[in-house]
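In what follows, a single structure is set out as structure tokens and then discussed.
The numbers here are math on the coordinates, done by the rules we state, and not lab data. As the structure is a prediction and not an experimental result, all values here were calculated from the model. Glycine gets a Cβ as well: all are built from the backbone with ideal geometry, and neighbour counts include every protein chain shown.
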């Protein structure tokens, strides 16, 4: 008979644990931009060997979530306002590429509208918008585009949290109200215009968002 402890040890996925833990810290903005990530420190915090942590570093670097500096190791990305503007522009382009060929016919509603109520109930406005963006990115049925947008969303997770400290809440609430109406009505041209305007606001605020990220980031154990 297999004892439960032995079974649990065999079922544990050290590599997956390391990837998920580091990804969570990156998404939360808890890692200081430019901070070096050391396998020894993270492996101790997670009670893992260093091998799966190093493998996790390699994967996350491949996804563009951390930076590998040859000869120096792995680092949390050092994001400046120009970098953030490029990320905002890239997301707007991805969404446009997904939506322009695919309007959901029939009742005139976007498929993503079915996720709207759940997103609004479970998340803050900034995060809820990202949930809707995720579903809108599925409209194009382009797997490469969907994956690219998912990875980009991971890179934008920490800036989205910082946006809450920069953008006035009434403005964010109004953005959400308009998006809700557009998803219900199903107007492609107006929805694309809203996406462009949404990202234009954040491009203008990019410097303040980066400053907020730097002030709130804390180096803390994973």
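A few comments on the model shown:
- Using 0.36 nm per residue and subtracting the Cα-Cα separation, the extra length available between residue 211 and residue 192 on full extension is 4.0 nm.
- A Förster radius of 25 Å combined with the Cβ-Cβ distance from residue 72 to residue 28 puts the calculated FRET efficiency at roughly 0.55.
- For the pair residue 45 and residue 93, a Förster radius of 30 Å applied to the C-beta separation gives a FRET efficiency near 0.20, rounded to the nearest 0.05.
- With viscosity 1.002 mPa s and temperature 20 °C, the Kirkwood radius over alpha carbon pairs of the stretch 4-78 converts through Stokes-Einstein to a diffusion coefficient of 168 µm²/s.
- Gain upon complete extension [residue 201, residue 63; 0.36 nm per residue less C-alpha separation]: 47.0 nm
- Full-extension gain in nm, residue 100 to residue 144, via 0.36 nm per residue minus C-alpha separation: 14.2 nm
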